[in-house]
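The values are calculated or read from the model by the stated rules, or taken from the named source; none is laboratory data. These numbers were taken from a predicted model, which means no experiment stands behind them. Glycine gets a Cβ as well: all are built from the backbone with ideal geometry, and neighbour counts include every protein chain shown.
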Amino acid sequence: MLIGLMIKNEREAVDKTRREVVDKLGITEPYLFAIESGKKQPQVPKGRDGHLDVKGSLYYRILTLGLDKTPEDAESLILDVLLQEIGPSHPSLRLLLRDELTGRISPEDRRAIMALYEGLKLISNY
């Protein structure tokens, strides 16, 4: 649901109508409305390696083609919202999950980092 709201906010920030956005994408205005209102939530596909393929998502197309965001900005906006939906509150944990989702680190590395973090947290409480 947050991702649809982000799309709507980004569209309104650049003062574009839904019609202007969908004309560039080949989707319908009601479908974009359904995405923005959270009624439709297209999945972000995963690549062959199992990592998120943000650039293959409809959200990415909406942001880059429809709203003229740079590829880097679009990817960052999408990942930030996906991580908000997962729920980690600490910025470092969000960065860690972001790196795993994008394939920058492996799940095993993330687990090792988290184990170290938990160990340090335990030691610092004494």
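Tabulated data for the structure shown
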| read-out | value |
| --- | --- |
| Residues (exposed (fewer than 15 other Cβ atoms within 10 Å of the Cβ) and among the hydroxyl-bearing types (Ser, Thr, Tyr)) located in the range 1-33 | 17, 28 |
| Top-ranked residue of the range 39-96 - restricted to ones that are over 18 Å from residue 5 (Cα atoms) and basic (Lys, Arg), ranked as surrounded by the fewest Cβ atoms within 10 Å (Cβ to Cβ) | 48 |
| Single condition residue 114 does not satisfy, out of (1) modelled with pLDDT of 80 or more; (2) outside the structural domain of residue 15 (by TED's automatic domain parsing); (3) in a helix (DSSP H, G or I) | (1) |
| Qualifying residue in the range 62-82 (condition: under 20 Å from residue 104 (Cβ atoms) and assigned to a loop (DSSP other than H, G, I, E, B)) | yes |
| Hits in the range 2-41 (condition: among the polar types (S, T, N, Q), part of a helix (DSSP H, G or I) and farther than 14 Å from residue 69 by Cα) | none |
| Any pair with Cβ under 8 angstrom, 6 or more apart, that starts in the range 8-28 at a residue that is farther than 16 Å from residue 40 by Cα and ends at one that is surrounded by 11 or more Cβ atoms within 10 Å (Cβ to Cβ) and modelled with pLDDT under 95 | 10/77 |
| Residues located in the range 32-81, provided they are at positive phi and either in contact with a Lys or Arg (Cβ under 6 Å, 6 or more places away or on another chain) or modelled with pLDDT under 90 (or both) | 50 |
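To keep it simple, each residue is scored yes or no on (1) out of contact with any Gly (no Cβ under 9 Å at 6 or more places or on another chain); (2) among the aliphatic types (A, V, I, L, M); (3) in contact (Cβ under 8 Å) with a residue 40 or more places away in the chain.
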| position | (1), (2), (3) |
| --- | --- |
| 53 | no, no, no |
| 60 | yes, no, no |
| 92 | yes, no, no |
| 95 | yes, yes, no |
